[in-house]
1. Across segment 191-460, what fraction of all alpha-carbon pairs, as a whole percent, falls in each successive 10 Å bin from zero upward?
2. Tell me the angle of helix 212-227 to the major Cα principal axis of the chain, expressed in degrees between 0 and 90 and rounded to the nearest ten.
3. Out of residues 5 or more away from Ser297 or on other chains, whose amide H comes under 5 Å of its own, with H placed 1.01 Å from N in the peptide plane?
4. Roughly what % of DSSP beta bridges within the chain run antiparallel, to the nearest 5?
5. Total Lys pairs in the chain closer than 27 Å by alpha-carbon, pairs eight or more apart in sequence or interchain only?
6. Mind giving me the FRET efficiency for Ala36 and Leu77? R0 is 22 Å, r the Cβ-Cβ distance, nearest 0.05 is fine.
7. What are the ³J(HN,Hα) couplings of segment 330-336, residue after residue, when phi is run through the Karplus curve with 6.51, -1.76, 1.60 and θ = phi - 60°? Round to Hz, x for glycine and proline.
8. Between Ile283 and Arg63, with labels modelled 7 Å along Cα→Cβ, what's the label distance in nm to one decimal, could you check?
Amino acid sequence: MRRRSMTFAAVGAAFAAGVVAGPMVAAWAQDTGGRAETYRLLNLFGDVFERVRAEYVEPVNDRDAIENAIQGMLTGLDPHSSYMNPRMYRDMQVQTRGEFGGLGIEVSQENGYIKVISPIDDTPAARAGVKPGDLITHLNGNSVQGLSLQEAVEQMRGERGTAIRITIRREGTERPIELSITRDVIRPQVVRFRLEAGDIGYIRLTSFNEQTEAGLRRAMQQLRQQAGGNLKGIVLDLRNNPGGLLDQAVQVSDDFLDQGEIVSTRARRPEDAQRWNARGGDIAQNLPVVVLINSGSASASEIVAGALQDHRRAIVMGVKSFGKGSVQTVMPIPGNGAIRLTTARYYTPSGRSIQGTGIEPDIEVLATREDAQQVAAARRDREADLRHALRNDNGRETPAAPPLPPLNLPAGLTERIQRMPAEGAAAFDPTKPETDHQLQQAIQLLRGIAAAPNGQRRAAR
C-alpha cells in the first residue's frame, strides 16, 4: 500500500514555536485541497494552543500538548487509529516479534473504559481469570476515564515481577472485581497442538505474529507423525485470537488453499487496492477442516476464517466473530514515533466486508448454556459496539456479496451437532478437552465426514 509522506512533525514544530502560519503550513493546507478553510482551521488550532500555553493553571509541555492533540485527532477517527510516541513504537515492534512485558491482554476502548477483547493463553491475565468482554475501570485504584488507550496500555505494561491492581466490571456480576496481577515477560506460545483421540489434529493459534505460520507448519508435520498416517481431520481453533499481522493471516490461509483469492483490501483511492491469491500446496492434504471462532476472534482471525469459509475449504463453527474488518498501516514519523492509521477495509474472497458484522459460523455451537441467554438478550461485545467504529459498506459503495454455496455435508450430520452443552454438563476446564463443548462437536463433525462414503467426503471438502 502506498504511503503518503506525513507533515505532522513540521506542523507541530511551527505551532510549538508560536507560529500560526508560514510557507510550509500554507503549502500543506493547499496540498490537502482544503485551501483557505483548512488554513483557517490550522489558525484555530494555533490559537487554542497558544491560549493553553499562556493561560492553563500550570505550565504545559509543548511536546505533550502536541502529542495529545495528534492522539485526539486519530482516536476520534475510529477505535484502532492512534499515535505512538517513540517508546510505544518500540514496544509495538517488540510485540509483533512475539515477546513483550506486561499482563497479556488484547484491549480496545469503550465509553472511556478499557475493554478486554481477549486474554492471551498462559499469561498473567489469563491465569488471573480475566475474560473477553470485561471492562477495566481502574488501574491501581485510579480511574481509566480520561486516559487514551495507549496511555492505559502503557500503564499495564512494566517490568517482570511488578504487580498492578486492576478493577473489572463484568456483565452479570453486581460488584466490581478486584484483581492483583504480577507482570511477566509475555512470550505467548502462538501455536499449540495435540492429537485428539489418536486421529484428529487440534491446532490452536493464539495470535498472528511473526512466528505464527512457521509454527503452524511445524504443528502439522508433528501431528502427522504422531498419528502415524491415520489423521482424519483438523480442528483450527481461532477462538479468542485477537489477530495481528496481515501477512501472517494471508500465509496461514494460503497453507490450506491450492488456489483462488485469500483477501483483498480497498483503500480511499482505487489505485491503492490490493489482492492476495493462494499459491499451490495444501499442508492438510485435503483433510477436512473445522475452524472454531467466537466473539473474541478478530481481525487476522477473521481473514483466515472468511477465506476458508468462502472457498468451502473449512466448516466454520462456534459463534459470530468480533467484526474488525479494517486494516491499520503503521507510518513511522522520523524521530517522533509513528502513527497507526486505518487505511483500508478488507474483504473476503466472495467480496464480503465483515466490518462491524463479523463472520457468521456455518454451524452455530454455543460454549455454555448461559450463552443462549446472552444471545436472546442481544448482548453484544463486538466491533460495532465500539465508539467511532468504522461503518460497513456492504451493498453501498460495493456490490453485495453473493450467498455462499451450501456445505454439502453427509445427510443428517449437521442435525447430530448439539447446539449447546447438555443440562448439568461439567463446567469448562481448559486442562480437560472433554469439557470443551465446541471442540467436542467439531471432533464429532470431522468423524462424521471421515466415516461418509468417498463422494460425500469430497463434497464436504
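1. Cα pair-distance distribution for segment 191-460, in percent: 7, 29, 36, 21, 6, 1, 0.
2. Tilt of helix 212-227: around 10 degrees.
3. For Ser297, whose amide H was placed from the backbone, the distant partners under 5 Å are Asn240, Asn241, Phe322.
4. 75
5. Final tally of qualifying lysine pairs is 9.
6. On the way: r = 24 Å, r/R0 = 1.08.
Step by step, r from the Cβ atoms, then E = 0.40.
7. Couplings: 8, 10, x, 10, x, x, 9 Hz.
8. So the two model labels end up 4.3 nm from each other.
We did not get these values from a lab; they are worked out from the coordinates using the rules stated. In this text the structure is predicted, and so the values were computed from the model without any measurement. Reconstructed Cβ throughout: ideal geometry from the backbone, glycine too, with neighbour counts over all protein chains shown.
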